[in-house]
Amino acid sequence: MSIFLCFLFLFPLFLIIFKKISPSKMKLPPGPTGLPIIGNLHQFGRLLHSSLHKLSLEHGPVMLLRFGVVPVVVISSKEAAKEVLKTHDLETCTRPKMVTTGLFSYNFKDIGFTQYGEDWREMKKLVGLELFSPKKQKSFRYIREEESDLLVKKISKSTQTQTQVDLGKALFSFTAGILFRLAFGQNFRECDFIDMERVEELVTETETNVGTLAFTDFFPTGLGWLIDRLSGQRSRMNKVFSKLTNLFQHVIDDHLKTEQHRDHSDLISAMLDMINKPTNIGTFKITSDHLKGVMSNVFLAGVNAGVITMIWTMTELIRHPRVMKKLQEEIRATLGSNKERITEEDLQKVEYLKMVIEETFRLHPPAPILLPRLTMSDIKIQGYNIPKNTMIEINIYTIGRDPKCWTNPDEFMPERFFNTSINYKGQHFELLPFGAGRRSCPGMALGITILELGLLNLLYFFNWSLPDGMTIADIDMEEVGALNIAKKIPLELVPTLPSSFVNKKY
Ligand code: HEM
């Protein structure tokens, strides 16, 4: 028999064997068909979480897309999220290397964007000790209380004139005031090199740049680079980066000038003292890039998520007067009506406020897509094969609205958290505002304290109403953002003093 006849005879056999083996071995997740080079990018609108939400309703909770030429698996169910973040946490806990994250992390010398390994572990340990430890939290308590007083004083002024307050501005100043004082040892209200307005602008600009997909990362080498340069994306990014570095350098110089770096009173001073000193930890050595990388994380990850959550909470409360009334009555009945100041002990007593915050996290998680992960080996999720080096995006926005997990998912109903063990701490995969597993948010306890404190001050001391002529139906719920998703139209409300507080002086 000639080779040709032999091949003709064996070919159908090969096909049967291949078919038998391949579906189980190579079962990739389903997904929409993409176009050459751009993949599925043409199917995305202005808000990525919302585009991925719509696509996942059609293609399922484990969906394969291509961002340009890069394979990306999008996870949109509690079960699949649990498999990634718990069962396969160790195989998926690195971050992809991208141009934007590389720049703003000072060449991956931070915690949030750096790859899994010794540097990440040591940085996380160091910042855990110098910023997040219970001991540090206790010693910074006076800062949180001073900033709370300032917030109440500012809003009280508006009650006298019956003018509306831009809550975004007030709460940004409150949150950034706390975080920059305790991490950077710097009160930006007293700085001569920057003011709070510009800090706010810079946070937004930085976030937009980090959250925008750069073509260099997703298009074939050379082509993406060229598009980023021609479109001006690269130069916009460099401009914001140089403003950010300038600010950080000012803060560092101030520490060095005043010998503040020797007292270990804040994260910057502690790290400055360690720079270039041997650490006895393998090859790990702290450099000034590590310091700026961490400053960049506090700047990016720390401030906006809290402010955004407080704004969405106040928005939902003003849209739901029944919940607002019940919450304020419970808070004032629990704390009494003659407190001069909210303390951190008070935070433990207000159960309904915690449910309101959980419900806000469910509907409006500030980071609706967790930071991207990258598979470090081949894994299986919900029976689908996910090859090594696949990017994984977890869409917690979709999970928070999944009718399989939540009754009437689109309704704002804090009572759903009554008598349930579900919380946001990373063990319940239907509610993941801080992520879960090794790469979950290390600032969770601090973030929660700040946002509970901010909200409790607003709700205990003031009643809130919409500006004259505006009704609930006029409240715009449009979203905006790239990494963190905020309410697009600023929330402006009119504060008044409750009758029992009218004669108080703040
Ligand atoms: C309400 C407040 C906050 C929310 C909702 C929040 C949310 C998140 C989320 C969703 C992630 C990504 C988790 C993942 O990819 O699985 C994250 C990571 C991170 N957050 Fe937060 N965060 C908050 C406050 C803070 C604060 C106050 C800080 C620090 C001052 C902080 C520092 C970080 C860092 C460094 C990471 C990266 C962790 C890593 O990759 O290992 N966050 N946060």
Which condition from (1) under 22 Å from the mean Cα position of the chain (by Cα); (2) within 15 Å of the ligand (Cβ to nearest atom) is the one that LEU103 breaks? (2)
Members of the range 31-59 found to be without any contact (Cβ under 8 Å) to a residue 24 or more places away in the chain, outside any helix (DSSP H, G or I) and more than 25 Å from the chain's Cα centre (by Cα), listed by number: THR33, LEU35, PRO36
List every residue pair whose Cβ atoms lie under 6 Å apart, where the two residues are 6 or more positions apart in sequence or sit on different chains, the first residue falls within the range 382-396 and is more than 23 Å from LEU431 (Cα to Cα), and the second residue, located anywhere, is within 16 Å of the ligand (Cβ to nearest atom). ILE386/VAL73; ILE386/THR375; LYS388/THR375; THR390/VAL73; THR390/THR375
Tally time: how many residues in the range 106-134 are of a type in the set (Phe, Trp, Tyr), within 10 Å of the ligand (Cβ to nearest atom) and not in a helix (DSSP H, G or I)? 2
What tally of residues in the range 102-159 results from selecting those that are closer than 29 Å to ASN457 by Cβ and either among the acidic types (Asp, Glu) or in contact with a Cys (Cβ under 7 Å, 6 or more places away or on another chain) (or both)? 5
Tabulated pairs, the range 65-78, first closer than 13 Å to LEU374 by Cβ and surrounded by fewer than 20 Cβ atoms within 10 Å (Cβ to Cβ), second modelled with pLDDT under 95 and of a type outside the set (Asp, Glu), C-beta under 7 angstrom, 6+ apart or interchain: VAL70/PHE218
Filtering the range 155-183 down to residues that are over 15 Å from GLU200 (Cα atoms), in a helix (DSSP H, G or I) and not charged (D, E, K, R) yields ILE155, SER156, SER158, THR159, GLN160, THR161, LEU182, ALA183
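Table: residues versus (1) away from the ligand (no atom under 16 Å from the Cβ); (2) of a type in the set (Ser, Thr, Tyr); (3) over 16 Å from PHE417 (Cβ atoms); (4) at pLDDT 95 or above.
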{"position": "GLU316", "(1), (2), (3), (4)": "no, no, no, yes"}
{"position": "THR334", "(1), (2), (3), (4)": "yes, yes, yes, yes"}
{"position": "LYS339", "(1), (2), (3), (4)": "yes, no, yes, no"}
{"position": "GLU344", "(1), (2), (3), (4)": "no, no, yes, no"}
{"position": "LYS349", "(1), (2), (3), (4)": "yes, no, yes, yes"}
{"position": "ARG362", "(1), (2), (3), (4)": "no, no, no, yes"}
{"position": "PRO372", "(1), (2), (3), (4)": "no, no, yes, yes"}
{"position": "TYR397", "(1), (2), (3), (4)": "no, yes, yes, yes"}
Mind listing just one residue for me: the one in the range 106-119 that is of a type outside the set (D, E, K, R) and within 17 Å of MET274 (Cβ to Cβ) and, of those, farthest from the chain's Cα centre (by Cα)? TYR106
Residue check for THR175: out of contact with any Pro (no Cβ under 6 Å at 6 or more places or on another chain), under 18 Å from LEU453 (Cα atoms) and hydroxyl-bearing (Ser, Thr, Tyr): yes
Counting only residues that are closer than 17 Å to LEU244 by Cβ and of a type outside the set (S, T, N, Q), how many does the range 99-126 have? 11
Determine whether the range 482-505 contains at least one residue that is part of a loop (DSSP other than H, G, I, E, B) and aromatic (Phe, Trp, Tyr). no
Does GLU415 satisfy the condition of being farther than 30 Å from ARG141 by Cβ, away from the ligand (no atom under 16 Å from the Cβ) and assigned to a helix (DSSP H, G or I)? yes
Candidate set from the range 423-473 (those that are in a loop (DSSP other than H, G, I, E, B) and more than 16 Å from the ligand (Cβ to nearest atom)); member that is nearest to GLU344 (Cα to Cα): PHE462
Output the number of residues of the range 137-154 satisfying the condition of being in contact (Cβ under 8 Å) with a residue 40 or more places away in the chain, assigned to a helix (DSSP H, G or I) and within 15 Å of the ligand (Cβ to nearest atom). 2
For the range 252-265, what are the residues that are surrounded by 15 or more Cβ atoms within 10 Å (Cβ to Cβ), at pLDDT 85 or above and out of contact with any Cys (no Cβ under 9 Å at 6 or more places or on another chain)? ILE252, HIS255
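The values are calculated or read from the model by the stated rules, or taken from the named source; none is laboratory data. Since this is a predicted model, take the numbers as computed values, not measurements. Note: ideal-geometry Cβ built from the backbone for every residue, glycine included; neighbour counts use all protein chains shown.
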